[in-house]
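Taking it in order: structure first as structure tokens, then the write-up.
The values are calculated or read from the model by the stated rules, or taken from the named source; none is laboratory data. This is a predicted model, so every value here is computed, not measured. Neighbour counts run over all protein chains shown; Cβ positions are idealised from the backbone, glycine included. The accessibility values were calculated without ligands, DNA or RNA, using every heavy atom of the protein model including side chains. Shrake-Rupley method; radii C 1.70, N 1.55, O 1.52, S 1.80 Å.
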Amino acid sequence: MLRFRTARSETDVLVREVESALGRCIAVSVLKDRPDDPDALDGAVTGLRAQADLLDGSDKPSDAAEVEAIEALETRVVDRKLDLLGIDPRQVRRGSLATLAHVGLTPSATGLPVVADAYAGRRRDADAAVDRVRALMAVLHAVHGAPAADVAGSLKSRGLVPWSTPQERTFLDLQGTREEGDRELAAHRAWIGRRVEGLHALGWALGMLDDLEPTGFSAVHPSAFAAVGPAEPAGAPTELLLRPQAELLARLDLLSCAHYAVQEHELRGASSPLPRDVIPGAIAERKRALEWLLGQDGWDDIEVDGEIRASRRR
């Protein structure tokens with residue numbers, strides 16, 4: 001009984017500190033009602049990050065100190081959520097490094113990314129993933145020769161334009177107005193065509209595909225995505241569910257470490273080539289898809305070609 005009261009007290013303290021940081025808001029009300037609900041903790045993290053972003057960049061020493069305190073509190077809320085889900089980030093990382101060692105990637109121990117942004121905060125659901133798959137399949141159809149006007153019209157009539165991205169819509173515009181052989185069109189086609197790897201990642205996350213590895217190219221036939229109803233409009237229901245959050249996080253950690261290892265190899269100017277089955281572009285696009293799913297950033301806004309985005313969490 002004493003142990004129960006102690007754990008309860010620690011939770012109460014955490015809730016009170018979140019309330020002190022955020023004041024009266026929906027996220028705090030939900031957390032007070034359901035302090036042991038991972039979703040309620042996600043809401044608290046989202047609020048704390050928004051509050052820190054408002055203060056970040058201020059010249060006032062007091063604001064800088066408050067940002068530091070909010071980030072420390074965010075870390076404790078994330079840790080509480082991970083405890084409830086039975087996720088140990090260190091164990092996840094050990095598994096990622098062991099898997100990479102088997103394929104010939106051995107990133108240095110220092111500087112590896114912490115995938116903390118995906119551990120808590122608002123994330124997208126299965127319905128969002130399904131509609132993104134529908135839109136992306138349509139765009140990739142244009143990459144492989146379908147008339148751009150037909151694809152753009154289909155996206156519009158089915159309410160899927162919001163689930164395509166600005167870069168993809170630019171590609172469709174170019175495809176519909178430029179002649180074959182145009183360099184800008186060719187570059188966009190190659191660029192958008194790489195997103196078949198992101199499609200593969202979402203198919204895996206929705207349970208339609210069995211494997212999502214840090215190696216090789218995707219060679220999945222479109223029929224494998226039949227369960228999303230590729231021709232259906234936005235919001236059309238399916239029976240698809242996302243894989244458990246712990247599984248999604250572990251795979252994002254693996255791909256993030258693989259991405260880092262590839263960048264490190266290129267920056268070092270290593271004399272030996274990467275292992276034959278390690279395809280940098282495929283790793284980057286699979287990582288992008290899972291980051292999109294486990295966060296709220298726009299697909300085009302997720303950096304995959306530059307340095308791995310730093311996390312506030314240390």
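The table for this structure:
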| quantity | calculated |
| --- | --- |
| Protein accessible area in the chain, 1.4 Å probe - carbon and sulfur % | 53 |
| Rg/Rg_globular for the chain, with Rg_globular taken as 2.2 N^0.38 Å and Rg from C-alpha atoms | 1.10 |
| Cα-Cα pairs of the range 177-314 separated by more than 23 Å (percent) | 42 |
| Where chymotrypsin sites (Phe, Trp or Tyr not before Pro) fall in DSSP loop in the range 134-242, at most 14 other Cβ within 10 Å | F217 |
| All-pairs alpha carbon distance profile, the range 12-89, 5 Å steps from 0, percent | 3, 17, 28, 23, 15, 9, 4, 1 |
| D33/E179 FRET efficiency (R0 41 Å; Cβ-Cβ; nearest 0.05) | 0.10 |
| For the range 4-96: relative contact order, % (alpha-carbon pairs under 8 angstrom, 6 or more apart) | 25 |
| Backbone HN-Hα couplings from phi across the range 25-35 [Karplus 6.51/-1.76/1.60, Hz, Gly and Pro as x] | 7, 4, 4, 5, 4, 5, 5, 5, 6, 9, x |
| L85-K60 pseudo-label distance in nm [points 7 Å out on the Cα-to-Cβ vector] | 3.4 |
| Length released on extending from A146 to Q296, taking residue separation times 0.36 nm less the Cα-Cα span | 51.0 nm |
| Contact order normalised by residue count of the chain, Cα under 8 Å, 6+ apart, percent | 22 |
| Stretchable slack from D125 to R243, in nm (0.36 nm times residue separation minus alpha-carbon distance) | 41.4 nm |
| Stokes-Einstein diffusion coefficient of the range 102-242, Kirkwood radius over Cα pairs, 4 °C, 1.567 mPa s, in µm²/s | 78 |
| Net charge, L31 excluded, C-beta distance under 9 Å - Lys, Arg +1, Asp, Glu -1 | -1 |
| Alpha-carbon radius of gyration plus Dmax, which is the widest Cα pair, for the range 1-132 in Å | 17.6, 51 |
| Cα-based helix-to-principal-axis angle, 38-55 vs the chain, degrees rounded to 10 | 90 |
| The range 72-130 shape via C-alpha gyration tensor axes, a/c threshold 1.5 | oblate |
| Theoretical gain in end-to-end length, L267 to S223 [0.36 nm per residue, Cα-Cα removed] | 11.9 nm |
| 5 angstrom amide H check on L160, placed H, neighbours 5+ away | A234 |
| Cα-based shape type of the range 195-247, given that a ≥ b ≥ c are square roots of the gyration tensor eigenvalues and the cut on a/c is 1.5 | oblate |
| Listed residue (L199, A282, V45) projecting farthest to the positive dipole end of the chain, Cβ model | V45 |
| Debye, to nearest 20: dipole size of the chain, +1 on Lys, Arg Cβ, -1 on Asp, Glu Cβ | 540 |
| The range 213-278: radius of gyration over Cα atoms, expressed as a fraction of 2.2 N^0.38 Å | 1.61 |
